[in-house]
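Here is the structure we will look at, set down as structure tokens.
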Amino acid sequence: MGAKTFVNNTKQNLIVTLLIREGDSVQGPEKTQKFPLSAGETKNVSYPETFLNGLSFNWNDPVGQAENALTKKVSNRGAAPTFDALLNTNSVIIINSVTGMDVTGRN
């Protein structure tokens, strides 16, 4: 069982989808889990496996009148500064911007 705190520092209301690794292989099967994360909100989230394999964000852009989606996935396991290390060695995941998926972590 895994758990993280997610912080939305953006001005967008997001639907966050966790890509959850089943086992050790980043190429193996994944589970997904979605949750809403409003602008400025912090939320504790538990998920059924140990490791995250990626994140996906969906949000509506009222100015451009479009639904946007962005996904970033781990391609290889590894130590910092990899995306794998960011997702799996930090207890807090901070979403700073949806532009370029600016995500940082801390413990």
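The values are calculated or read from the model by the stated rules, or taken from the named source; none is laboratory data. Remember, predicted model here, so these are calculated numbers, not experimental data. Neighbour counts run over all protein chains shown; Cβ positions are idealised from the backbone, glycine included.
A few points about this structure:
- Looking at 86, 52, just one residue is surrounded by 16 or more Cβ atoms within 10 Å (Cβ to Cβ), free of Cβ contacts under 8 Å to residues at least 24 places away in the same chain and under 12 Å from the mean Cα position of the chain (by Cα), and that residue is 86.
- Single residue of 106, 21 found to be out of contact with any Leu (no Cβ under 8 Å at 6 or more places or on another chain) and among the basic types (Lys, Arg): 106
- Members of region 1-55 found to be at pLDDT below 95, of a type in the set (S, T, N, Q) and closer than 19 Å to residue 84 by Cα, listed by number: 25, 27, 50
- Residues that are assigned to a strand (DSSP E or B) and over 12 Å from the mean Cα position of the chain (by Cα) within region 55-83 comprise 59, 60, 61, 66, 67, 68, 69, listed in sequence order.
- Among residues of region 90-107 that are in contact (Cβ under 8 Å) with a residue 60 or more places away in the chain and assigned to a loop (DSSP other than H, G, I, E, B), those with a Cβ under 9 angstrom from a residue that is surrounded by 14 or more Cβ atoms within 10 Å (Cβ to Cβ) and among the basic types (Lys, Arg), sequence gap 6+ or separate chain, pair up as 90/4; 91/4.
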